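Bear in mind these aren't lab numbers, they're just calculated from the coordinates by the rules spelled out. Predicted model only: the values in this text are computed from it and were never measured. Note that each Cβ is placed from the backbone with ideal geometry, even for glycine, and that neighbours are counted across all protein chains shown.
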Amino acid sequence: MAFFSKFLPKRKPAEFKNNIPKEKKNIKQTFMVYCHNNHDTSGDKLCPKCTALLATVMTKMNRCPYGITKPICDRCDRPCFGAEQTQEFMRIMNSSQTRMLLSHPIMTIKHKLASMGVDYAKYQQQKKIDDKVKAKEKASKERAKERKKKNK
Ligand SMILES: [Zn+2]
């Protein structure tokens, strides 16, 4: 076995994946597509409003409370851009999804998968909480039954 194990790929040490550069690229790309189609801009240029919003998003991202293990921003449960800017950000991200799928299919699908991953993690979390609540309810019902039996 030892002889063969030489040829097996070495296991990589576990490392935190830094998703921020990839997400920044994705968001920038989405903003470009959105702004070009909705605000009559072209090339590397964005309109002043989109530029400002993008700048805010990029800055806030660097200060994300989740650090490099952060979930993707348009799925975050504590978006940090402020109510109005978050709304605008979501609108841009959502409205461009179909167009993004056409112009950058792989990036969009990867983003979609990432957001499904976040949904799944949230679902698992919620399930754990629900199970705990159910277990508690069951336990208290059993206790009530026991009490009834004793009273008889
Ligand atoms: Zn714009």
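Report note on the peptides 20-30, 132-142, 37-47: ranked by the mean count of other C-beta atoms within 10 Å, highest first, their order is 20-30, 37-47, 132-142. Which entries of Lys25/Lys70; Lys127/Lys149; Lys128/Lys150; Lys60/Lys110; Lys60/Lys127 show an alpha-carbon separation above 27 angstrom in the structure shown? With Cα atoms farther than 27 Å apart: Lys127/Lys149; Lys128/Lys150; Lys60/Lys127.
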